[in-house]
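Report on the structure given below.
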Amino acid sequence: MYPILFRLFLSKLDPERAHHLAFTVIRLLPTLGIGALVHRFTRPDPSLRVDTLGLHFDSPFGVAAGFDKDGLGILGLGQLGFGHVEVGTITAREQPGNDKPRLFRLIPDRAVINRMGFNNHGATAAAPRLRSAASRSNRPVIGINIGKSRVVDVENAVDDYVESTRLLAPAADYLVVNVSSPNTPGLRGLQEIDKLAPLLTAVRDAADGTPVLVKIAPDLSDDEARRIAQLVVDLSLSGIIATNTTLSRDGLRTKRSVVEAAGAGGLSGAPLAARSLAMLRLIRSIVPQELCVISVGGVETAADVAERLAAGATLVQGYTGFLYRGPLWARQINRGLARRR
């Protein structure tokens with residue numbers, strides 16, 4: 001019934017408002033007393049278990065950063081069948097993000113353009129809430145994605161990331177350094193090796209044993225991606241997430257006028273699939289097999305997830321597909337993967 005609900009009602013709502021409505025229901029699942037019953041229906045098959053980063057994941061499929069920006073819906077998302085939830089992006093300083101509207105659907109492409117701008121309440125506010133969530137026995141794996149505060153100059157980015165790391169690493173099962181969002185001025189410049197190496201080194205050291213991964217952009221050249229992959233190996237980091245959203249607008253089916261009206265921002269969803277898969281294969285050809293590589297971008301079906309796993313992904317994440325598939329999306333993915341075993 002979800003496709004009918006989306007077509008007749010949700011697609012008519014402002015995308016950010018629709019997200020908040022859905023997210024409110026997800027947040028309430030544990031407190032309404034129905035979350036445990038829902039999880040009996042959505043629980044992943046034991047055959048889907050993945051062990052990586054020194055952690056146990058009930059399913060290889062999880063929620064990408066951006067869906068739960070402040071760590072308010074971790075338990076509910078776990079009850080919907082996701083094996084892990086990557087919270088964030090969280091910054092050291094609270095910030096409102098970019099002006100609204102800042103989220104736009106491209107329905108013919110099953111895609112989204114966003115320029116949210118790391119809207120969140122800051123690391124200090126998030127830390128106790130995330131520590132509380134991490135103490136629960138019935139939770140999914142918790143990743144925490146950190147980014148640069150908008151008010152902080154790029155030259156001072158290392159100290160800003162380290163501040164977030166010290167506050168949040170104790171609550172994280174793994175920590176992600178986001179240097180690839182297109183919606184914070186200057187952020188993607190931190191992917192340059194001379195800037196990235198000291199940043200990742202400082203975060204790794206401040207994380208004090210919490211696994212650290214870096215999330216990269218699909219718009220990097222192959223050579224740039226190779227250099228970052230080798231840097232991750234050289235610094236003994238725990239993994240790479242590929243990829244974030246893209247600035248490209250190539251090959252879209254949505255009317256040009258609609259795309260132009262949406263304006264600047266990162267594109268996610270089905271049009272990103274080919275580049276994300278290519279980046280995965282490139283990275284896996286460089287890094288050792290034991291390094292965790294998380295693939296995200298254009299994933300919507302169990303077949304999509306299976307293709308990423310076959311191409312070398314350790315784990316797979318999704319976000320935009322939630323908009324088009326609805327609350328039983330993780331269950332659909334998990335059931336489809338189990339049938340392939």
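State all residues of segment 236-289 that are on the phi < 0 side of the Ramachandran plot, open to solvent by 70 Å² or more (accessible area, probe 1.4 Å) and among the hydroxyl-bearing types (Ser, Thr, Tyr); if no residue qualifies, say none.
Those that are on the phi < 0 side of the Ramachandran plot, open to solvent by 70 Å² or more (accessible area, probe 1.4 Å) and among the hydroxyl-bearing types (Ser, Thr, Tyr): 257, 285.
Every residue in segment 179-198 that is without any contact (Cβ under 8 Å) to a residue 60 or more places away in the chain and either farther than 11 Å from residue 148 by Cα or of a type in the set (Ser, Thr, Tyr) (or both), please.
In the first step, residues of segment 179-198 are kept if they are without any contact (Cβ under 8 Å) to a residue 60 or more places away in the chain; the result is 179, 185-198.
Correct list: 189, 191, 192, 193, 194, 195, 196, 197, 198.
Among 176, 151, which is part of a strand (DSSP E or B) and either in contact (Cβ under 8 Å) with a residue 24 or more places away in the chain or crowded, with 23+ Cβ neighbours inside 10 Å (or both)?
Only one candidate qualifies: 176.
Residues in segment 203-227 that are surrounded by 17 or more Cβ atoms within 10 Å (Cβ to Cβ) and under 19 Å from residue 143 (Cβ atoms): how many?
Qualifying residue count for the region: 12.
Just to verify a result, which residue in segment 181-240, among those that are in a loop (DSSP other than H, G, I, E, B), hydroxyl-bearing (Ser, Thr, Tyr) and at pLDDT 90 or above, is farthest from residue 294 (Cα to Cα)? First the steps, then the outcome.
Of all residues in segment 181-240, those in a loop (DSSP other than H, G, I, E, B) come to 181-186, 192, 208-211, 217-221, 235-238.
From what's left, hydroxyl-bearing (Ser, Thr, Tyr): 181, 184, 210, 221, 236, 238.
Subsequent filtering for residues that are at pLDDT 90 or above retains 210, 221, 236, 238.
Numbers: 210: 17, 221: 19, 236: 16, 238: 11 Å.
Filtering segment 181-240 for residues that are in a loop (DSSP other than H, G, I, E, B), hydroxyl-bearing (Ser, Thr, Tyr) and at pLDDT 90 or above, the one farthest from residue 294 (Cα to Cα) comes out as 221.
Can we say residue 325 is over 21 Å from residue 143 (Cα atoms), under 19 Å from the mean Cα position of the chain (by Cα) and of a type in the set (D, E, K, R)?
For residue 325, the condition - over 21 Å from residue 143 (Cα atoms), under 19 Å from the mean Cα position of the chain (by Cα) and of a type in the set (D, E, K, R) - is met.
The values are calculated or read from the model by the stated rules, or taken from the named source; none is laboratory data. Given the structure is predicted, the values throughout are model-derived calculations rather than measurements. Cβ atoms come from the backbone with ideal geometry, glycine included; neighbour counts cover every protein chain shown. Accessible surface areas use protein heavy atoms only, side chains included; no ligands, DNA or RNA. Shrake-Rupley method; radii C 1.70, N 1.55, O 1.52, S 1.80 Å.
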